[in-house]
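Enquirer: Okay, handing you the structure first.
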Amino acid sequence: MIFIGIDIAKDHHDIVIIDDYGEIINEHFQISNDKIGFKKLHTEIKSCMKSINDIHIGMEETGIYHENLRDFLISKGFTVYTINPLLTSYSRKASSPRLTKTDKIDATAICRYIMNNVRLLHSYTPSLYYIDELKQLSRLYHDRNYQLSKIKDELKRLLQMSFPEFLKHFNPYAKWALDILGEYPLPNSFKGLHTEALANRIKTKSNRLSNAILLKQIAKDSIGKCDNLQSYLIQSTIQDFLHYESQIEELKKIITKKMVLFPKILSVPGVGPINGATILGETGDIHRFSNRDEYYAFWGCDPIIHESGNFKLKNSKLSKRGSKYLRTALFSASRVACVAPNIKDNKFQRKYITMTSRKNKHHYTILFAVGKNMVRSIYHILKYNEFYDDTK
């Protein structure tokens, strides 16, 4: 067998080729990250192979930079392994006590890793196009939500300096509040504004006129900082808020429409279109996981285990070595399945009620305990292409 290690970078890739005895067949060389470089690598591989089945190629999953080369090699019929950089890092550190790190050493470490673990590794299987779509859309949705959360904090900070009284009486994220603050960002902006005109723009369930009178009064008595800079910052932040909110709503519509094709994952209590898209997109091919415990570890929800002699770590935390998007989806789905109003009776809710009644664990600890059961159900659904069964 021949093992090829590729150290991935943005503009170029470093290559080392060894045989199954660990001897270097082809000295370290470098290719550019373009069509010419890919053809050069293909020629080098063909020059030292007897059978395509003997070639095993490994590369680290470094962001997006490995994807084009990976797809090129797979299109040529080669077996490709995409490896967690953490594993090859440990392998490289274990091979020498020195702290030397170069691209050549990294490529060699990848070779050694796949050579020593070739029987345990699963070769990369290209995902179906719509699964990749769900992954990109769901990640974009979560990232936009994160940005919106930061903008909310920024708007609250700015209002605390310029119009703190508004925060005490009204929700600054309501549509009517954003509309008014976008035009009248500072307390002194309300001078001369007719009360009835202001009342017509306040969309609340309570008396609009009384709210308008209150708003004008607190604006008059405000201790906030009023200057042109504050006005600009608030208006700019509100524009960003509306922009991201619009994007999130559009993404939600697109994802919901695409998730109609996946009714089985949506049959799990607590799993809606967004959580379902996240789970499917991040999981990819379920058959690359040997068992449900391996799949659970991929979520990063497995506990840290540390034992040495008579010492055994208690109250261990989550490893968080898996996908952060999956953990977000799991927490959200578990919470909906357990405590959401009007949710149908399900085994996750029953377990939550049982554990909560004991009053010996934190609320979040219980949710993640429920989440472990949910992951096992999801694994079964994806593995055997079945609908959710509350009895299993």
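Bear in mind that the values in this text are calculations on the coordinates, not laboratory data. Note that this is a predicted model, so its numbers are computed, not measured. Cβ placement follows ideal geometry from the backbone for every residue including glycine, while neighbour counts extend to all protein chains displayed.
Enquirer: Let me check I've understood the local charge: for Ser123, count other residues with C-beta under 13 angstrom from its C-beta, Lys and Arg +1, Asp and Glu -1. What total comes out? The partial results should precede the final answer.
Expert: Working: positive: Arg70, Arg119, Arg288; negative: Asp285.
Net charge around Ser123: +2.
Enquirer: A further question on this structure: Suppose the chain between Met1 and Met161 were pulled fully straight at 0.36 nm per residue; how much longer would it get relative to their current alpha carbon spacing?
Expert: That works out to 50.9 nm of additional length.
Enquirer: Among Thr102, Phe72, Ala277, which residue has its Cα positioned farthest towards the positive end of the charge dipole of the chain, with +1 placed on the Cβ of Lys and Arg, -1 on the Cβ of Asp and Glu, and the dipole taken about the Cα centre?
Expert: Ala277
Enquirer: If you don't mind, there's one more thing I want to ask. Taking the Cα atoms only, what angle lies between the long axis of helix 129-162 and the longest principal axis of the chain, rounded to 10 degrees?
Expert: Here the helix axis deviates by roughly 40 degrees.
Enquirer: Which value in Å does the Kirkwood hydrodynamic radius of the stretch 187-295 take, with 1/r averaged over all unlike C-alpha pairs and then inverted?
Expert: Values: mean 1/r = 0.0529 Å⁻¹.
Hydrodynamic radius (Kirkwood, Cα only) of the stretch 187-295 equals 18.9 Å.
Enquirer: Compute, for the stretch 131-256, the length of the dipole vector about the Cα centre, with Cβ point charges of +1 (Lys, Arg) and -1 (Asp, Glu) only. Units Debye, rounded to 20.
Expert: Numbers: 19 positive and 15 negative charges, 82 e Å.
Dipole magnitude for the stretch 131-256 comes out near 400 debye.
Enquirer: Next up: Evaluate the distance, in nm, between pseudo-label points positioned 7 Å from the Cα of Lys257 and of Phe29 along their respective Cα→Cβ axes.
Expert: Distance between label points: 4.8 nm.
Enquirer: Any lysines with Cα under 17 Å of the Lys359 Cα? List them, leaving off those in the same chain fewer than 8 positions away.
Expert: Lys351
Enquirer: Report, in debye and to the nearest 20, how large the dipole of the stretch 225-266 comes out about its Cα centre when Lys and Arg carry +1 and Asp and Glu carry -1 on their Cβ.
Expert: Working: 6 positive and 5 negative charges, 85 e Å.
Roughly 420 debye for the stretch 225-266.
Enquirer: Using Cβ contacts closer than 10 Å as the measure, can you line up Met259, Met161, Met374, Met355 from fewest to most?
Expert: Values: Met259 22, Met161 12, Met374 27, Met355 18.
The order, fewest Cβ neighbours first, is Met161, Met355, Met259, Met374.
Enquirer: Could you work out the longest stretch of the chain that avoids the GluC sites (Glu not before Pro) located in DSSP loops with at most 14 other Cβ atoms within 10 Å? Show your work: numbers first, answer last.
Expert: Values: sites that count: Glu23, Glu386.
Answer - 24-385.
Enquirer: Looking at (i) 232; (ii) 156; (iii) 136, which value of volume of the Cα convex hull per residue in Å³ comes from a calculation on the structure shown?
Expert: Recomputing volume of the Cα convex hull per residue in Å³ here picks out (i).
Enquirer: Once you list every other residue whose beta carbon is under 15 Å from the beta carbon of Tyr384, what net charge do they have if Lys and Arg are +1 and Asp and Glu are -1? Before the final figure, lay out the partial values.
Expert: Details: positive: Lys264, Arg292, Arg376, Lys383, Lys392; negative: Asp285, Glu386, Asp389.
Counting the neighbours of Tyr384, the net charge comes to +2.
Enquirer: Charges at C-beta only: +1 for Lys and Arg, -1 for Asp and Glu. How large is the resulting dipole of the chain about its Cα centre, in Debye rounded to 20? Don't skip to the answer; put the middle values down first.
Expert: Details: 58 positive and 41 negative charges, 363 e Å.
Magnitude of the dipole: close to 1740 debye.
Enquirer: Against the longest alpha carbon principal axis of the chain, how many degrees, from 0 to 90 and to the nearest 10, is the axis of helix 347-358 turned?
Expert: Result, in degrees: 70.
Enquirer: Could I ask something else about it? Of Ala297, Ala197, Ala219, which has the largest mean-square fluctuation in a 10 Å C-alpha GNM of the chain?
Expert: Taking springs between Cα atoms under 10 Å, the residue moving most is Ala197.
Enquirer: Which percentage, to the nearest 5, of the DSSP beta bridges contained in the stretch 2-126 is antiparallel? Don't skip to the answer; put the middle values down first.
Expert: Numbers: 13 of 23 bridges.
So the antiparallel bridges amount to about 55 percent of the total.
Enquirer: Give me Thr62, Thr79 ranked fewest to most by other Cβ atoms within 10 Å of their Cβ, as a rough exposure proxy.
Expert: Details: Thr62 14, Thr79 18.
Listing Thr62, Thr79 from fewest to most nearby Cβ atoms yields Thr62, Thr79.
Enquirer: Report the local net charge at His194: Lys and Arg +1, Asp and Glu -1, summed over other residues whose C-beta lies under 12 Å from its C-beta. Let's see the in-between values first.
Expert: On the way: positive: Lys191, Arg201, Lys216; negative: Glu196.
Computed value for this residue: +2.
Enquirer: What does DSSP give for the chain in terms of the percent of beta bridges that are antiparallel, rounded to the nearest 5? Let's see the in-between values first.
Expert: Numbers: 16 of 26 bridges.
Taking every DSSP beta bridge with both residues in the chain, the antiparallel ones total about 60 percent.
Enquirer: Calculate how steeply helix 324-339 sits against the longest principal axis of the alpha-carbon atoms of the chain, using the helix alpha-carbon long axis, and give the answer as 0 to 90 degrees to the nearest 10.
Expert: For 324-339 against the chain, the angle is about 50 degrees.
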